[in-house]
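Visitor: Sharing a structure here in structure tokens format.
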Amino acid sequence: MITVSDLSYAFKIGKKEKENIVPVLHHVDLHVAEGEIVAIVGRSGSGKSTLLNLISGFIKSQTGEIIIDGKQVSGFSESKWAEFRLEHLGFIFQSFQLIPSMTAYENVELPLVLKGVSEKERKEQTIKMLKRVGLEQYQSHYPGELSGGQQQRVSIARALILNPPLILADEPTGSLDSENEKELLNFIKELNEKDGITFLIITHDHEVASIAHRKVEIRDGYLREGSKLHEVQR
Amino acid sequence: MKFKDKHRFVRSNMKRNKTRVWMTILASTMGCAFLIMLASVGFAIHKTAVDDVMSYRLMNEIEIQSENGPLIEEDVKKLQVIKNVKAVSRKKYVPANELSLGEYTVYADVSSANMPSERKAGLQLEKGRMPKSKNEVIIGHHFAQELRKEMPENFTEGMSEEEAQKKLKKLAYDGDLLNKTLTYHMKVDNPDIKTETQIKTVKVKVVGIKKKPNKEWIIDSSVMITDDLHGEVMPLLSEIDPELKNSDDSYSAVKVYTSSAEDVKAVSEEIKDKGYLTYSVVSELKELNIYFTLFKAGLIFIGGIAVLIASIGIFNTMTMAVTERSQDIGIMKAIGATPRTIKRIFLLESGYIGLWGVGLGTILAYLISYGVNFALPIIVEQFLNEKPPEDFILSYIPWSLTIIAVTICMSVTLLSGWRPAAKATTVDVLKALRRDV
Ligand SMILES: Nc1ncnc2c1ncn2[C@@H]1O[C@H](COP(=O)(O)OP(=O)(O)O)[C@@H](O)[C@H]1O
Ligand SMILES: [Mg+2]
């Protein structure tokens, strides 16, 4: 599903004259198979988010190569990336990233709107998805009127609405209490097993065991393959 | 993203900051209305000028002159054979202009004319018929009111114009002149010649009265005599004033009438090719149009500055909207909104503001225009005690002006919305997502 090879990244800070180059990732190679749940672990500031942002196309590297779902995405233009994200990638963020002026329904519907799906079809799919995450009675609530767990379910519903084969999650349980965290991890497991969705998740060690098939660790910008935790089911 | 969805999206965004949006619309409304109002004055003056030119001249009339002096019969023959020439009117001026009926006297413009060609050129009579024999004449509509008893000395002294006019009217001949016989006095306008020698007179009979001119202020007290009578009068006159000899075969005014106004240009060209000078309303209008088009362009330019100022408001509003919504933009980009979609959404928003401004501005301009045209004559009459000229308008908004104004306003609007919209596409996804972590 994902093949990253020889990917390096450095942040440039400061004005042109006093430019500082901060290397963050060094020659990273990573392969994620279809149907896998891979956990990325590592200390804070080790470069986990940077790697995920590169795979998401939010930042671009001059070196290395990224192939997702058989497509060479490194080198994509901004609009190519946007189209690719819409069709192939789902995102779950630590801070949910819902649009505050839109209701739960509208937030979930947004990818369908961007894709240009007809209104009738949109309604059908959005309601179905809200039911699936158990929020149909909250559809006209604004994000500010929902609990953290509910907001995260809205954002998952939004990530799933266009049936992406891959979901990227940066500390998805970071803002949740332990009960909601458990629920979310179970849901991820279910999605992986039933729908065959591949997950790449940045998470903390102790949660990993319950769901991930494999973990990789980033230490000071170098990636090391960790131990295999579970066999992939399918 | 479908247009319908963009529209819905933009509308809900605009509703989020109603006051700001309406203030911006108000500024555009004022800019647009100002542009239209200012230019409409130019359009009104232009229209008045054109109407004026066309009101006392015929569109299909071409005046002919020659660099080699007055035209003669031979020239007329050349002109008559040109294609699409309906008639060639030619007049010979007679340098004696006193006519009388009993104690009433008038000094009128006397000229001879070729009656059939006058008829073809469009001369219309109010009463009577065209002259058939030598001593028959037709007179202008105002001839009777100019035919007066002799004025006592200091008759109108110290009177206002209006009072004087009234008093003069009392002296005027009041009755029907049709079929009356007038005495035509051979007096020439030459101070060297003694009046005693000017005793020759000719009797003429009024057989027709011309129609009233179509403008209130034109006074037509002319007398039209036949060519034959001209041939008799001129020798009499040259007996009194020898200088007038040999001038009787030249025309003082030659006018060509074309079948329709469209033919004027081609016919003018052909006449010019034959070596004559031409002058027509069409050519005068051309010069007039060039002048007024420049004038109107100047006004539109000045009005455009108001639109530009209003566009700064749109620029501001849109820049603020982009800044406020940068998180939403970031989220949408992360999910998969293309830069093009983002740009379109913001262009649409500024477009709507512009459309509202232009729409309201145009309506406002029309209302003000009607109001001004309605109220100004009343105000002028109230305060200056003077009647404004008939058909007076201060503001005229033709369709072309509306289209020009709408085009200018919309272009400026879209231009001012362009940069903020472009800025929206460059919102950094990660910066936007990092809002509250
Ligand atoms: N926008 C940025 N500009 C400069 N340096 C950055 C930026 N984002 C992250 N970094 C640096 O890159 C390194 C890796 O950051 P990150 O990938 O966010 O780590 P993690 O997610 O593993 O905590 C850190 O040292 C951080 O300071
Ligand atoms: Mg991180």
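The values are calculated or read from the model by the stated rules, or taken from the named source; none is laboratory data. The model shown is predicted, which means the values in this text are computed figures rather than measured ones. Note that we place each Cβ from the backbone using ideal geometry, even for glycine, and neighbour counts take in every protein chain shown.
Visitor: Take the conditions more than 30 Å from A:GLU106 (Cβ to Cβ) and out of contact with any helix residue (DSSP H, G or I) (no Cβ under 8 Å at 6 or more places or on another chain) and apply them to B:GLY371. Does it pass?
Guide: Yes.
Visitor: Still on this structure, please answer the following. If A:ILE40 satisfies every condition in (1) within 14 Å of another protein chain (Cβ to nearest Cβ); (2) within 14 Å of ligand 1 (Cβ to nearest atom) but one, which is the exception?
Guide: Going through the list (1) within 14 Å of another protein chain (Cβ to nearest Cβ); (2) within 14 Å of ligand 1 (Cβ to nearest atom), A:ILE40 breaks only (1).
Visitor: Quick check: anything in region A:45-61 within 14 Å of ligand 1 (Cβ to nearest atom), farther than 18 Å from A:ARG85 by Cα, of a type outside the set (D, E, K, R) and assigned to a strand (DSSP E or B)?
Guide: Scanning region A:45-61, I find no residue that is within 14 Å of ligand 1 (Cβ to nearest atom), farther than 18 Å from A:ARG85 by Cα, of a type outside the set (D, E, K, R) and assigned to a strand (DSSP E or B), so the answer is no.
Visitor: Sticking with this structure for a sec: Restricting region A:69-90 to residues that are away from chain B (no Cβ under 14 Å) and surrounded by fewer than 16 Cβ atoms within 10 Å (Cβ to Cβ), which is modelled with the lowest pLDDT?
Guide: Residue satisfying both the conditions and the ranking: A:GLY75.
Every residue, every condition in (1) of a type in the set (S, T, N, Q); (2) more than 14 Å from chain A (Cβ to nearest Cβ), yes or no:
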| residue | (1), (2) |
| --- | --- |
| B:ASP328 | no, no |
| B:ILE331 | no, no |
| B:ILE353 | no, yes |
| B:GLN382 | yes, yes |
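Visitor: Could you give me the residue pairs with C-beta distances under 8 Å whose first residue belongs to region B:230-259 and is buried (at least 16 other Cβ atoms within 10 Å of the Cβ), whose second residue is of a type in the set (Phe, Trp, Tyr) wherever it lies, and which are 6+ apart or on separate chains?
Guide: The qualifying pairs are B:VAL233/B:TYR184; B:ALA253/B:TYR93.
Visitor: Out of A:SER175, A:SER155, I need the residue that is among the small types (Gly, Ala, Ser) and either within 16 Å of ligand 2 (Cβ to nearest atom) or surrounded by fewer than 19 Cβ atoms within 10 Å (Cβ to Cβ) (or both). Which one? Can you show your working first?
Guide: Values: A:SER155 fails: either within 16 Å of ligand 2 (Cβ to nearest atom) or surrounded by fewer than 19 Cβ atoms within 10 Å (Cβ to Cβ) (or both).
Checking each option against the conditions leaves just A:SER175.
Visitor: Moving on. Considering each residue of region A:36-55, count those that are farther than 24 Å from A:GLU78 by Cα, crowded, with 19+ Cβ neighbours inside 10 Å and within 15 Å of ligand 2 (Cβ to nearest atom), and give that number.
Guide: 5
Visitor: In region A:104-122, which residues are within 14 Å of B:ARG8 (Cβ to Cβ) and either of a type in the set (Lys, Arg) or under 22 Å from the mean Cα position of the chain (by Cα) (or both)?
Guide: Within region A:104-122, A:TYR105, A:GLU106, A:GLU109, A:LEU110, A:LEU112, A:VAL113, A:LEU114, A:ARG122 meet the criteria.
Visitor: Do we find that B:VAL223 is closer than 16 Å to B:ALA113 by Cβ and in contact (Cβ under 8 Å) with a residue 40 or more places away in the chain in this structure?
Guide: Considered against the rule, which asks whether it is closer than 16 Å to B:ALA113 by Cβ and in contact (Cβ under 8 Å) with a residue 40 or more places away in the chain, B:VAL223 comes out as yes.
Visitor: Now for a different question. Does any residue of region B:20-38 turn out to be free of Cβ contacts under 8 Å to residues at least 40 places away in the same chain, touching a Ser or Thr at 6+ places or on another chain (Cβ under 7 Å) and surrounded by fewer than 18 Cβ atoms within 10 Å (Cβ to Cβ)?
Guide: Within region B:20-38, not a single residue is free of Cβ contacts under 8 Å to residues at least 40 places away in the same chain, touching a Ser or Thr at 6+ places or on another chain (Cβ under 7 Å) and surrounded by fewer than 18 Cβ atoms within 10 Å (Cβ to Cβ).
Visitor: Filter region B:260-283 down to the residues that are buried (at least 16 other Cβ atoms within 10 Å of the Cβ), touching a helix residue (DSSP H, G or I) at 6+ places or on another chain (Cβ under 8 Å) and in a helix (DSSP H, G or I) and list them by number.
Guide: B:VAL264, B:SER268, B:ILE271, B:VAL281, B:VAL282
Visitor: What number goes with the only condition from (1) closer than 23 Å to A:SER49 by Cβ; (2) surrounded by fewer than 21 Cβ atoms within 10 Å (Cβ to Cβ); (3) among the β-branched types (Val, Ile, Thr) that A:ILE127 does not pass?
Guide: For A:ILE127, the failing item is (1).
Visitor: I'm trying to understand the selection: among the residues of region B:274-328, which are within 30 Å of B:LYS431 (Cα to Cα) and either of a type in the set (A, V, I, L, M, F, W, C) or not assigned by TED's automatic domain parsing to the domain that holds B:PHE346 (or both)?
Guide: Hits for region B:274-328 are B:ILE312, B:ILE314, B:PHE315, B:MET318, B:MET320, B:ALA321, B:VAL322.
Visitor: Counting only residues that are under 21 Å from A:GLY64 (Cβ atoms) and away from ligand 2 (no atom under 16 Å from the Cβ), how many does region A:14-35 have?
Guide: The number of residues fulfilling the criteria is 9.
To keep it simple, each residue is scored yes or no on (1) at pLDDT below 85; (2) surrounded by fewer than 18 Cβ atoms within 10 Å (Cβ to Cβ).
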site	(1), (2)
B:SER12	no, yes
B:GLY69	yes, yes
B:ASP75	no, no
B:MET115	no, no
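Visitor: Restricting to region A:15-28, and then to whatever is away from every other protein chain (no Cβ under 14 Å) and under 19 Å from A:GLY45 (Cα atoms), can you tell me which residue is farthest from ligand 1 (Cβ to nearest atom)? Outline the logic, then answer.
Guide: Residues of region A:15-28 away from every other protein chain (no Cβ under 14 Å): A:15-23, A:25-28.
After this cut, where a residue has to be under 19 Å from A:GLY45 (Cα atoms) as well, the list is A:20-23, A:25-28.
Details: A:ASN20: 9, A:ILE21: 10, A:VAL22: 5, A:PRO23: 9, A:LEU25: 8, A:HIS26: 12, A:HIS27: 16, A:VAL28: 12 Å.
Per the criteria, the residue is A:HIS27.
Visitor: A further question on this structure: Output the residue which, of all residues in region A:133-191 that are closer than 21 Å to B:ARG434 by Cβ and small (Gly, Ala, Ser), is nearest to ligand 1 (Cβ to nearest atom). If you could, list the steps in order and put the result at the bottom.
Guide: Initial filter on region A:133-191 (closer than 21 Å to B:ARG434 by Cβ): A:143-144, A:148, A:151-152, A:154-156, A:158-159, A:167-176.
Among the residues that remain, those that are also small (Gly, Ala, Ser) are: A:144, A:148, A:155, A:159, A:169, A:174-175.
Values: A:GLY144: 27, A:GLY148: 21, A:SER155: 19, A:ALA159: 19, A:ALA169: 13, A:GLY174: 11, A:SER175: 15 Å.
So the residue we want is A:GLY174.
Visitor: Pick from B:LYS127, B:LYS132, B:LYS91: which is modelled with pLDDT of 85 or more, over 27 Å from B:VAL264 (Cβ atoms) and surrounded by 14 or more Cβ atoms within 10 Å (Cβ to Cβ)?
Guide: Only one candidate qualifies: B:LYS127.
Okay, residues lined up against (1) outside any loop (DSSP other than H, G, I, E, B); (2) in contact with a strand residue (DSSP E or B) (Cβ under 9 Å, 6 or more places away or on another chain); (3) more than 16 Å from ligand 2 (Cβ to nearest atom):
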{"position": "A:ILE66", "(1), (2), (3)": "yes, yes, yes"}
{"position": "A:LYS80", "(1), (2), (3)": "yes, no, yes"}
{"position": "A:GLY90", "(1), (2), (3)": "yes, yes, yes"}
{"position": "A:LEU98", "(1), (2), (3)": "no, no, yes"}
{"position": "A:ARG122", "(1), (2), (3)": "yes, no, yes"}
{"position": "A:GLN125", "(1), (2), (3)": "yes, no, yes"}
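Visitor: Looking at (1) modelled with pLDDT under 90; (2) surrounded by 14 or more Cβ atoms within 10 Å (Cβ to Cβ); (3) farther than 16 Å from A:GLU171 by Cα, which is the only condition A:LYS16 fails?
Guide: Of the numbered conditions (1) modelled with pLDDT under 90; (2) surrounded by 14 or more Cβ atoms within 10 Å (Cβ to Cβ); (3) farther than 16 Å from A:GLU171 by Cα, the odd one out for A:LYS16 is (2).
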